[in-house]
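The values are calculated or read from the model by the stated rules, or taken from the named source; none is laboratory data. Predicted model only: the values in this text are computed from it and were never measured. Every residue, glycine as well, gets a Cβ built from its backbone with ideal geometry; the counts of neighbours run over all protein chains shown.
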Amino acid sequence: LPDDTVVCRCEAITAGELRRSVGELGSCEVNRAKAFSRVGMGRCQGRFCGHAGAEIVAAAAGVSIESVGRLRSQAPVKPLSIATGEVQA
Amino acid sequence: VTAATRSDVLVLGGGLMGTSAAFFLRHQHRRSVTLLERELVGRQASGTNFGNVRRQGRDLAQIPLANRARAVWGRIKELLGEDLEFVPYGHLRVCYTEAQAAVLEAHARDVRPLGLDLELFTAEQLRQRWGIFSGEIVAGSLSPRDGHANPRLAGPAFARAAQREGAQVVEHAEVVHVERDGGGFVAHTVDGGTHRGEQLLVCCGAWSNRIASLFGETVPMEARGPQMGVTEPLPYAIGPSIGMSSPIETEGLYFRQIRRGNVVFGGGLKGPALAEEIRAYVKPDNTLRQFRELRRFVPAFANVQLIRVWSGIEGYTADWAPVLGKSATTPGVHYAFGFNGEGFAIGPGVGEVMAELIATGATSTPIDAFSIDRFAAAAQRAA
């Protein structure tokens, strides 16, 4: 996969940037790569790119895909408008 | 293979304080250093905070330290080889009431002799300069040389730089016990490693009491979780980091926009943080209350989507001041913890000051107000 291929469309992160987060910055798992490069940090929280990202990190680090873990996602499950009101008890 | 190391200085805790102290111990003082980190460097409070590089609004006793830290931030690229996304685009505090405007004015007067120059703004001047605020906002105070940076990058970058300078940084090294060892100390890790140091720096964030108690010193401190959120990317328009100054906790929101366009925000009530379980939570009620306050602060935020929330584990001391300096019971032991949710900005300064203190026995920046013995003295007075 060429370095300029966009892996994470939400955050526009390329395969090259992901490889750099492994090689230069020392990411050894996907959540570390996420912290350093923003991969999987956007609107979809890695639902589209999570697996591809994990494969690239594993290949660049020379380890198995199992050992790089999987992206931890946070609430909300999908984007939520800031216009959302408070829940009345 | 279990590790065994011996160094001049043993640093316990790989957050921003420990990694920057390790860096400066090598870079400025050429001490041998081993840093032990339970998990990965720069996580917990160091990696999950807002990323403010803010001097205004601090207790006056912290201003000299904050100034020193700001000087390090200004050299960050030169020191580390990367900029940590630090942008000196200013830190702005605004308020809803004339009473609070008077507080901002008094603060600007108080910090000027300490070397921090703030610019006061009327509501009209704020609207002309930024044009995003609601009509409720009556005044503001700008610290023009402050700004914000990326907390996810800072601790790991200091750790890498410390390693390049010759420090040993050991991750996945959870310390189970520390004891005296001749004239120095030895730390035992879960995996059977033994790490010896002539001097010890304890900077384990909300977990620091575990180590301090081994030396008969316990700080009244509890763990809380900041309630953070980030929006979808918007056109880049907001330079400074902006916060609401208010005596009402739920009103105290803050936000910044990163180059990518996302707006990062936090503030208001804290959430639960379970230090023992290493878990912290964002309460949905808190997020919805933040939404209300964000709309009141900047009405256009009503058109924006939240994409993610997170929290972390921060140590809050009983008197809202950090613990910095030498142990009161044990020569050779030093502390840097309990930063009350405002440690990031001063972190690199704390590292530089602690390195100086450990290497030379004294520091040119006043930190006496943060000595751990203040709690023993307070307990004695109460008894």
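Just checking, how many residues over region B:32-47 are out of contact with any helix residue (DSSP H, G or I) (no Cβ under 7 Å at 6 or more places or on another chain) and buried (at least 22 other Cβ atoms within 10 Å of the Cβ)? Write out each step before concluding.
Taking region B:32-47 as the starting set, the residues that turn out to be out of contact with any helix residue (DSSP H, G or I) (no Cβ under 7 Å at 6 or more places or on another chain) are B:32, B:34, B:36-39, B:43.
Retained after the next criterion (residues that are buried (at least 22 other Cβ atoms within 10 Å of the Cβ)): B:34, B:36-37, B:43.
The qualifying residues number 4.
Specify which of the listed residues (B:Glu276, B:Glu249) is more than 11 Å from every other protein chain (Cβ to nearest Cβ) and without any contact (Cβ under 8 Å) to a residue 12 or more places away in the chain.
Only one candidate qualifies: B:Glu276.
So B:Val186 ticks every box in (1) among the aliphatic types (A, V, I, L, M); (2) surrounded by fewer than 22 Cβ atoms within 10 Å (Cβ to Cβ); (3) closer than 30 Å to B:Arg54 by Cα but one. Which box is left unticked?
Failed condition: (3).
Of everything in region B:11-44, what is over 21 Å from the mean Cα position of the chain (by Cα) and not in a loop (DSSP other than H, G, I, E, B)? Give them in sequence order.
Of all residues in region B:11-44, those over 21 Å from the mean Cα position of the chain (by Cα) come to B:26-34.
Answer for region B:11-44, where residues must be over 21 Å from the mean Cα position of the chain (by Cα) and not in a loop (DSSP other than H, G, I, E, B): B:Arg26, B:His27, B:Val33, B:Thr34.
Out of B:Arg210, B:Arg224, B:Arg196, report the one residue that is free of Cβ contacts under 8 Å to residues at least 12 places away in the same chain and of a type in the set (D, E, K, R).
On the way: B:Arg224 fails: free of Cβ contacts under 8 Å to residues at least 12 places away in the same chain; B:Arg196 fails: free of Cβ contacts under 8 Å to residues at least 12 places away in the same chain.
Going through B:Arg210, B:Arg224, B:Arg196 in turn, the sole match is B:Arg210.
Being under 29 Å from B:Gln163 (Cα atoms), in contact with a Lys or Arg (Cβ under 7 Å, 6 or more places away or on another chain) and of a type in the set (D, E, K, R) is the requirement here; does B:Arg70 meet it?
Values: under 29 Å from B:Gln163 (Cα atoms): yes; in contact with a Lys or Arg (Cβ under 7 Å, 6 or more places away or on another chain): yes; of a type in the set (D, E, K, R): yes.
Answer is yes for this residue.
Which pairs have Cβ atoms under 6 Å, sit 6 or more apart or on different chains, and link a residue in region B:160-174 that is within 14 Å of chain A (Cβ to nearest Cβ) to one that is in a helix (DSSP H, G or I) and of a type in the set (Gly, Ala, Ser)?
Going by the 6 Å Cβ cut-off, the qualifying pairs are B:Ala162/B:Ala22; B:Val169/B:Ala159.
Restricting attention to region B:48-88, and to residues there that are in contact with a Gly (Cβ under 6 Å, 6 or more places away or on another chain) and of a type outside the set (A, V, I, L, M), which single residue is farthest from B:Gly268 (Cα to Cα)?
Filtering region B:48-88 for residues that are in contact with a Gly (Cβ under 6 Å, 6 or more places away or on another chain) and of a type outside the set (A, V, I, L, M), the one farthest from B:Gly268 (Cα to Cα) comes out as B:Arg68.
Out of region B:307-326, which residues are surrounded by 19 or more Cβ atoms within 10 Å (Cβ to Cβ) and in a loop (DSSP other than H, G, I, E, B)?
B:Ser311, B:Gly312, B:Ile313, B:Pro322
Kindly indicate the residue of region B:255-306 that is crowded, with 16+ Cβ neighbours inside 10 Å and of a type in the set (Lys, Arg) and also nearest to B:Val138 (Cα to Cα) among those meeting that condition.
Filtering region B:255-306 for residues that are crowded, with 16+ Cβ neighbours inside 10 Å and of a type in the set (Lys, Arg), the one nearest to B:Val138 (Cα to Cα) comes out as B:Arg296.
Working only within region B:76-129, note down all residues that are in contact (Cβ under 8 Å) with a residue 40 or more places away in the chain, in contact with a strand residue (DSSP E or B) (Cβ under 9 Å, 6 or more places away or on another chain), assigned to a helix (DSSP H, G or I) and not hydrophobic (A, V, I, L, M, F, W, C).
Hits for region B:76-129 are B:Glu98, B:Gln100, B:His107.
Residues are listed down the side, and each one gets a yes or a no for (1) surrounded by fewer than 16 Cβ atoms within 10 Å (Cβ to Cβ); (2) within 22 Å of B:Asn340 (Cβ to Cβ); (3) not aromatic (Phe, Trp, Tyr):
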site: B:Asn49; (1), (2), (3): no, yes, yes
site: B:Arg93; (1), (2), (3): no, yes, yes
site: B:Ala101; (1), (2), (3): no, no, yes
site: B:Pro113; (1), (2), (3): yes, no, yes
site: B:Gln125; (1), (2), (3): yes, no, yes
site: B:Ala139; (1), (2), (3): no, no, yes
site: B:His148; (1), (2), (3): no, yes, yes
site: B:Arg152; (1), (2), (3): no, yes, yes
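Could you tell me whether region B:179-190 includes any residue that is within 27 Å of B:Gly312 (Cβ to Cβ), assigned to a loop (DSSP other than H, G, I, E, B) and more than 27 Å from the chain's Cα centre (by Cα)?
As a first pass, look at region B:179-190 and keep what is within 27 Å of B:Gly312 (Cβ to Cβ): B:187, B:189-190.
Adding the requirement that they be assigned to a loop (DSSP other than H, G, I, E, B) leaves B:190.
Cutting the leftovers down to more than 27 Å from the chain's Cα centre (by Cα) gives us B:190.
Yes - at least one qualifying residue is present in region B:179-190.
When both residues are 6+ apart or on different chains and their Cβ atoms are under 8 Å apart, which pairs have a first residue that lies in region B:297-308 and is within 7 Å of another protein chain (Cβ to nearest Cβ) and free of Cβ contacts under 8 Å to residues at least 12 places away in the same chain, and a second that is surrounded by 14 or more Cβ atoms within 10 Å (Cβ to Cβ) and part of a helix (DSSP H, G or I)?
From residues that are within 7 Å of another protein chain (Cβ to nearest Cβ) and free of Cβ contacts under 8 Å to residues at least 12 places away in the same chain, the pairs are B:Ala302/B:Arg295.
Would you be able to say whether some residue in region B:205-225 is within 14 Å of chain A (Cβ to nearest Cβ), over 30 Å from B:Ala359 (Cα atoms) and at pLDDT 95 or above? Can you show your working first?
Quick first cut of region B:205-225, residues within 14 Å of chain A (Cβ to nearest Cβ) only: B:225.
Filter once more, keeping what is over 30 Å from B:Ala359 (Cα atoms): B:225.
Now drop any that are not at pLDDT 95 or above, which leaves B:225.
Yes, some residue in region B:205-225 is within 14 Å of chain A (Cβ to nearest Cβ), over 30 Å from B:Ala359 (Cα atoms) and at pLDDT 95 or above.
State yes or no: is B:Tyr316 more than 7 Å from every other protein chain (Cβ to nearest Cβ) and out of contact with any Pro (no Cβ under 9 Å at 6 or more places or on another chain)?
Details: more than 7 Å from every other protein chain (Cβ to nearest Cβ): yes; out of contact with any Pro (no Cβ under 9 Å at 6 or more places or on another chain): yes.
Against the criterion (more than 7 Å from every other protein chain (Cβ to nearest Cβ) and out of contact with any Pro (no Cβ under 9 Å at 6 or more places or on another chain)), B:Tyr316 qualifies.
When you scan chain A for helices (runs of 4 or more DSSP H) that lie fully inside it, which ones turn up with 1 or more residues that are within 12 Å of another protein chain (Cβ to nearest Cβ) and either surrounded by 17 or more Cβ atoms within 10 Å (Cβ to Cβ) or in contact with a Ser or Thr (Cβ under 8 Å, 6 or more places away or on another chain) (or both)?
Details: elements: A:15-23, A:30-37, A:50-61.
Per the criteria, A:15-23, A:30-37.
Which of the residues belonging to region B:327-362 are part of a helix (DSSP H, G or I), in contact (Cβ under 8 Å) with a residue 60 or more places away in the chain and crowded, with 20+ Cβ neighbours inside 10 Å?
Going residue by residue through region B:327-362, those that are part of a helix (DSSP H, G or I) are B:347-360.
Okay, now just the ones that are also in contact (Cβ under 8 Å) with a residue 60 or more places away in the chain, so B:347-356, B:358-360.
Those that are part of a helix (DSSP H, G or I), in contact (Cβ under 8 Å) with a residue 60 or more places away in the chain and crowded, with 20+ Cβ neighbours inside 10 Å: B:Gly347, B:Pro348, B:Gly349, B:Val350, B:Gly351, B:Glu352, B:Val353, B:Met354, B:Ala355, B:Glu356, B:Ile358.
Which condition number in (1) of a type outside the set (Asp, Glu); (2) within 27 Å of B:Ala378 (Cβ to Cβ); (3) within 14 Å of chain A (Cβ to nearest Cβ) is the one that B:Asn262 fails?
Result: B:Asn262 fails condition (2) only.
Residue-wise test of (1) hydroxyl-bearing (Ser, Thr, Tyr); (2) more than 28 Å from B:Ser134 (Cα to Cα); (3) at pLDDT below 95.
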{"position": "B:Gly261", "(1), (2), (3)": "no, no, no"}
{"position": "B:Gly266", "(1), (2), (3)": "no, no, no"}
{"position": "B:Phe297", "(1), (2), (3)": "no, no, no"}
{"position": "B:Phe301", "(1), (2), (3)": "no, no, no"}
{"position": "B:Trp310", "(1), (2), (3)": "no, no, no"}
{"position": "B:Ala318", "(1), (2), (3)": "no, yes, no"}
{"position": "B:Ser327", "(1), (2), (3)": "yes, yes, no"}
{"position": "B:Gly349", "(1), (2), (3)": "no, yes, no"}
{"position": "B:Val353", "(1), (2), (3)": "no, yes, no"}
